[in-house]
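As structure tokens, the structure follows; a few thoughts come after it.
The values are calculated or read from the model by the stated rules, or taken from the named source; none is laboratory data. Because the structure is a prediction, the values reported are computed rather than measured. With ideal geometry, Cβ positions are generated from the backbone for all residues, glycine too; neighbour counts draw on all protein chains shown. Calculation scope for accessible area: heavy atoms of the full protein, side chains included, ligands and nucleic acids excluded. Shrake-Rupley method; radii C 1.70, N 1.55, O 1.52, S 1.80 Å.
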Amino acid sequence: MPLGVVGDALGSFGQGCSPPDGPDYAHAVQHLIRLAEEVEDALAAERPVVALETTLVAHGFPAPAGIEVGLSSDAAVRDAGAIPASIGVLDGRIVIGLTREELERFTPEARKLGPRDLPVCAVQGAVGATTVGGTLTAAAAVGIRFMGTGGLGGVHRGFPSPPDVSADLGACARIAAVIVASGVKSLLDVPATMELLETLGVPVLGYRVDTLPLFYAAEGGPPVPARVETADEVASIADAHWRLGGNGILVGRPPDASLDVTDLIEEIVADAQARGVAGQAVTPYVLAALHERSGGETLRVNRDLIVANARLAAEVAVAHDRL
Ligand code: PSU
Ligand code: MN
């Protein structure tokens, strides 16, 4: 691996994009991270790159639909003029920029990796699909500052019993990046998650909306502190936030086809609790039941919003590059 190129790219990453200090990232890139050539070239040339997660690929859709969603997101990012970098752990390395063949290895058997799980999975040589938090952690190690996804993790309903708060929130607080999502996961306590995002200093922007999208439903969520109209505006806000030492920014983009499945979600969440489904298993359980009981409608909305969010993340990355 031509380390010099990566090192130089990171060293000269302009406009609020500086290499992470602290852990020895050059060593990490050599031993722990494998960058796709295309991603490495883009970073070296300071061209816009967008990180994409693999948890939704492995666990968010009935196999193999997630792989198609991943590939469509890749295509949307390219279409908007950025380089896509799907991230996951394979063969003892964190791979940044998965090929189609590599993406096909993210089956439901893959581990789900939050930030703390990345090193464990890499060392143990398992296949690992990264969550938003896991993806941001890997992206930050090579200086990628934009990601598109479906929904951010957050505070689970019924907190503090169980006391389940996604590590995505900690990652947003620690890592300087723009995350484009259709709000937070539909099965969460959305107002509580909004409160915590405020506490953690994470700006929440509504993309052409005044309320946080409720994942499947465009409307009905809590008001956002600020509304934005363009990718350029998001890029300028991100730049200002980072210059002030801020980190994550959440951009809520509503789904184009809005679906109200509030009651169905409540039923399924109660059902999951009654069956003792807990922790990391909750989301895959709820999503699968939703897909089944909505006759595939949630699946279509879910797929389309992920791809649209990837495209908007790329537009923001391109806009930031032009600042
Ligand atoms: N939203 C979805 N489906 C998902 C996820 C979010 O509709 O599968 C994933 C994302 O990868 C997110 C993760 O980062 O769930 C959060 O999981 P947890 O609550 O276990 O931290
Ligand atoms: Mn959790």
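Extending 7 Å from the Cα toward the beta-carbon at both GLU38 and GLU101 defines two label points whose distance is 1.5 nm. By the compact-protein rule of thumb, 2.2 N^0.38 Å, the alpha-carbon radius of gyration of the chain corresponds to a ratio of 0.92.
Sorted largest first, the spans of the alpha carbon positions of the stretch 260-304 along the three principal axes are 30, 20, 13 Å.
A viscosity of 0.692 mPa s and a temperature of 37 °C, combined with the Kirkwood radius over C-alpha pairs in the Stokes-Einstein formula, give the stretch 164-323 a diffusion coefficient of 201 µm²/s. Each residue was assigned an accessible area with a 1.4 Å probe, and for THR199 the value is about 110 Å². Note on the stretch 251-323 and the stretch 215-237: Cα centroid distance 17 Å, given to the nearest whole angstrom.
Over the stretch 107-201, the Kirkwood radius and the radius of gyration, each from Cα atoms, give a ratio Rg/Rh of 0.97. Only Cα pairs under 8 Å and 6+ residues apart enter the sum, and on that basis the relative contact order of the chain stands at 19 percent.
Along its three principal directions, the equivalent ellipsoid of the stretch 50-124 from the Cα gyration tensor extends over semi-axes of 20, 15, 10 Å, largest first.
In a DSSP loop and with at most 14 other Cβ atoms within 10 Å, the trypsin sites (Lys or Arg not before Pro) in the stretch 62-156 are ARG116.
On the basis of the beta-carbon distance and an R0 of 30 Å, GLU109 and ARG174 show a calculated FRET efficiency of 0.55. The longest stretch of the chain left intact once loop-based GluC sites (Glu not before Pro) with at most 15 other Cβ atoms within 10 Å are removed from consideration, loops following DSSP, is 110-218. Remark: C-alpha extents of the stretch 229-321 on the principal axes read 47, 28, 17 Å, sorted largest to smallest.
Each Lys and Arg Cβ is given +1 and each Asp and Glu Cβ -1; about its Cα centre, the chain then shows a dipole of about 380 debye. Cα-Cα pairs above 17 Å in the stretch 188-282: how many percent? The share of Cα pairs beyond 17 Å in the stretch 188-282 comes to 59 percent.
Spacing of the modelled spin labels on GLN30 and GLU233, each 7 Å from Cα toward Cβ, amounts to 4.7 nm.
Solvent-accessible area of the stretch 107-257 (1.4 angstrom probe, protein heavy atoms only): carbon and sulfur portion equals 57 percent.
Solvent exposure of the chain, expressed per residue, is 40 Å² of accessible area, with all protein chains present and a 1.4 angstrom probe. Taken about its Cα centre, the stretch 180-323 carries a charge dipole of about 380 debye when Lys and Arg each add +1 at the Cβ and Asp and Glu each add -1 at the Cβ.
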